[in-house]
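Below you'll find the structure, written out as structure tokens, and then a few comments.
The values are calculated or read from the model by the stated rules, or taken from the named source; none is laboratory data. All figures in this text were calculated on a predicted structure; none of them were measured in a lab. We place every Cβ from the backbone using ideal geometry, glycine too, and count neighbours over all the protein chains shown. For accessibility, only protein heavy atoms count, side chains too; no ligands or nucleic acids. Shrake-Rupley method; radii C 1.70, N 1.55, O 1.52, S 1.80 Å.
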Amino acid sequence: MYQRSGKRIPRVAALTAICLFSVTTGALAQGKLVKRNGWYRNAPIEVFDLRVKDRGISFNEAFEADADWLKNVSLKIRNNSKKTIVCIYMGAVFRETAPAPMMHSKFFGHPTNANIRRAGPPLELKPGEVLSVSLADEYEQLKAVVEHKKPIDSVTVLELEITRAYFEDGTMWDLGELYRPDPDNFGKWILVERGVWIPPM
């Protein structure tokens with residue numbers, strides 16, 4: 001009886017190890033998604049080279065990554081306009097923290113026609129130039145926002161939107177539309193050109 005039990009122990013141990021490995025691997029590498037709700041025709045900014053660590057990924061396409069994947073997300077923003085951009089607005093939304101999704105907002109540079117002076121260095125992104133963005137620089141702020149509702153390592157979906165740009169000449173592109181400052185009301189904007197939204201593929 002003892003000998004039979006002795007022969008079974010290695011098999012049970014091996015099976016347990018395999019199960020533990022599978023559970024651990026599943027916890028580390030789950031399906032993740034960087035979501036984008038759409039694009040805008042003739043947008044002055046182009047978002048490209050989306051990556052997690054050294055791996056290139058695509059918006060709205062699931063991929064496998066470890067639990068700390070958010071700190072490894074990076075992207076590039078190109079100025080496709082003919083004017084210098086002095087500020088870009090980026091929003092990171094976490095829908096999994098519903099019913100009131102948590103959001104982290106980030107300004108690169110300083111917005112114009114606004115009373116609030118944003119922290120951080122100024123931006124002068126000339127036509128054709130590229131701004132590199134890494135969420136590693138924002139990770140502690142992201143973590144603080146998300147963990148009001150849930151652990152950051154349980155997040156599987158990041159909704160990333162770059163929807164606004166301020167130009168050196170004082171105009172602003174927002175959600176596909178172009179605005180100019182209202183000369184009679186500081187902080188107000190006048191619509192110059194309507195935008196066209198293109199839904200995600």
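Need one number: nm distance between label points at N115 and R55, each 7 Å from Cα along Cα→Cβ, rounded to one decimal.
4.8
For region 49-169, which whole percent of the accessible surface, found with a 1.4 angstrom probe, sits on carbon and sulfur atoms?
Numbers: 2970 of 6150 Å².
That fraction is 48 percent.
Once Rh is set to the Kirkwood radius over Cα pairs, what Stokes-Einstein translational diffusion coefficient, in µm²/s, holds for region 54-198 at a temperature of 10 °C and a viscosity of 1.306 mPa s?
Numbers: Rh = 16.9 Å.
Roughly 94 µm²/s, to the nearest whole number.
Run the paramagnetic zone check for E177: 7 angstrom along Cα to Cβ, then residues of region 64-108 with backbone nitrogen under 18 Å.
Correct set: 89.
Ignoring everything but the protein chains, give the 1.4 Å probe accessible area of S132 in square angstrom, nearest 10.
80
What does the accessible area of Y179 come to, in Å² to the nearest 10, when a probe of 1.4 Å is used?
Accessible area, nearest 10 Å²: 40 Å².
For K126 and N37 in the same chain, what is the full-extension length gain: residue separation times 0.36 nm, less their Cα-Cα distance, in nm?
On the way: separation 89, 0.36 × 89 = 32.04 nm, distance 2.67 nm.
Stretched fully, the K126-N37 segment lengthens by 29.4 nm.
If DNA, RNA and ligands are ignored and the probe is 1.4 Å, what is the ranking of K82, K150, K71 by accessible area, most exposed first? It would help to have the intermediate numbers written out before the result.
Values: K82 195, K150 50, K71 80 Å².
If we order K82, K150, K71 from most to least accessible, we get K82, K71, K150.
Solvent-accessible area of E140, probe 1.4 Å, all protein chains present, reported in Å² to the nearest ten, please.
Roughly 130 Å² of E140 is accessible to a 1.4 Å probe.
Measuring from label point to label point, each 7 Å out along Cα→Cβ, what is the K143 to K83 span in nm?
Going from the K143 label point to the K83 one covers 3.9 nm.
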